[in-house]
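Scroll down for the structure; my scribbles are underneath it.
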2 protein chains.
Amino acid sequence: MKNIEEYCKDKNIKLTPVRHKVLELLQNEKSGLGAYRILDLLREAGFNSQPPVAYRALDFLVEHGFVHKIESQNSFVACTDPGVHHSPVFMICKKCESVSEAPTFETASNISDALMATGFNVEQTIIEAEGVCSTCSEQ
Amino acid sequence: MKNIEEYCKDKNIKLTPVRHKVLELLQNEKSGLGAYRILDLLREAGFNSQPPVAYRALDFLVEHGFVHKIESQNSFVACTDPGVHHSPVFMICKKCESVSEAPTFETASNISDALMATGFNVEQTIIEAEGVCSTCSEQ
DNA sequence: AAACCTCATGATATAATATAACATTACATA
DNA sequence: TATGTAATGTTATATTATATCATGAGGTTT
C-alpha cells in the first residue's frame, strides 16, 4: 500500500479516500470481492454507497493496475505486483475460494507468442485456473 | 451439427428442439451471443422466450461441451471441436468482434503444468486473448 | 392400463451485476 | 475571479442470471 501511495504521489495520480478504501478492502481479502460486497463494506465504513461509487473506484484501480478483475467470478482482487506491467495468471481455489496471482510464467507470454504466430495480434490475455490450492489439497 | 446429433443419439443425450436451435444459432455466428440475444432469436423462431429457457439450453450445451462460455463477455460460442475434451483458448477480436477458438496449443497445458508444479491442482483453465484478428490487422 | 419416476419445459418473480445520464462539488490555474 | 478538469453525488435503468414451483412428456414397473 505504501508503495502505491508513493507511486500515485510521484505520478500525480489521485488515490482519493474512496479509492484508497476499496484498495485496502481488497488487500485484506484472499478471495475476490464483488462490486456489491465492496459497496456494503464501503457503507459500513461510512462512505456513499451507490453502485457507481464502487464501479468508478474499481475502474480507476483496474486502469492503473492496482486491482484485477476476475472474469469468471465478476469479482476483484488486489494486484500482488502493482506498478509492474504483467499478464496475470490467477489460481482460484474452489474449496477455500482464495484467488492468488501466480508468479509470472514464461508460459503466459508463450500463449501470446503462439497466438501471434497464427496472425492474431494479442493485446491482453485473461488466464484463470480453477482447481484446489495446495493448502486445501493437503487436507 | 450432424456429428453432434449422432453423438447425442449414441449416448442417449437429448438434443431437444430448443437446445438444437440454440446450438444452431451459435454455429451461425462468428461472435459470441449473450443469453438475452439468444432469447430474442428464439422468440423470432417461435420458441418460448423466458430467460430460464435460454439459460437451461446453454447450461446443457456447455455441460456437454458443445458450447463454451466467454467469461470476459458473458457470451457464448459454439465449440469448434465438440466431443473432444480440450482446454479452449479463445481469440477475441475487438474490431470485428469475432471469437475464435485457437487450435489446441501445448502452451495451454504448459500453464496447467506450471501451476501444478507450484502445488495448485488445476481442474480447468479459462484462457481468452483480446486483440485484433489477422483479417482486421491486414486492413 | 395404472402408477410411478425422471427429465424437460412453462411461468413468475426476483437477485446480482453494471452503466447511462445529468447535477454538483473541489481544486488547480489562467 | 472565472474557467477548466476531474471527482463525486444522485437517480434511474439496463443487463445478466437464478430461485421456485407448476406442468407436461416419455419411459419403466407393477
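The values are calculated or read from the model by the stated rules, or taken from the named source; none is laboratory data. Predicted model only: the values in this text are computed from it and were never measured. No Cβ is skipped: glycine too gets one built from the backbone with ideal geometry, and neighbour counts run over all protein chains shown. Heavy atoms of the whole protein, side chains included, go into the accessibility calculation; ligands, DNA and RNA do not. Shrake-Rupley method; radii C 1.70, N 1.55, O 1.52, S 1.80 Å.
When A:Val84 is tested against (1) surrounded by fewer than 19 Cβ atoms within 10 Å (Cβ to Cβ); (2) within 11 Å of DNA strand C (Cβ to nearest atom); (3) of a type in the set (Val, Ile, Thr); (4) closer than 25 Å to B:Ile126 by Cβ, only condition (2) is not met.
From the list A:Ile70, A:Ile92, the lone residue that is surrounded by 18 or more Cβ atoms within 10 Å (Cβ to Cβ), within 14 Å of another protein chain (Cβ to nearest Cβ) and away from DNA strand C (no atom under 14 Å from the Cβ) is A:Ile92.
Test B:Tyr7 against the criterion of being assigned to a helix (DSSP H, G or I), within 14 Å of DNA strand C (Cβ to nearest atom) and surrounded by fewer than 18 Cβ atoms within 10 Å (Cβ to Cβ), and give yes or no. Step through it out loud before you land on a result.
On the way: assigned to a helix (DSSP H, G or I): yes; within 14 Å of DNA strand C (Cβ to nearest atom): no; surrounded by fewer than 18 Cβ atoms within 10 Å (Cβ to Cβ): yes.
So B:Tyr7 fails the test.
For region B:57-100, a residue qualifies if it is within 18 Å of A:Ser72 (Cα to Cα), touching a residue at least 24 places away in the same chain (Cβ under 8 Å) and either among the acidic types (Asp, Glu) or in contact with a Cys (Cβ under 7 Å, 6 or more places away or on another chain) (or both), and the qualifying residues are B:Val67, B:His68, B:Glu71, B:Met91. Among residues of region B:18-39 that are in contact (Cβ under 8 Å) with a residue 60 or more places away in the chain, those with a beta-carbon under 8 Å from a residue that is open to solvent by 50 Å² or more (accessible area, probe 1.4 Å) and within 14 Å of DNA strand C (Cβ to nearest atom) at least six positions away or on a different chain give the pairs B:Gly32/B:Gln73.
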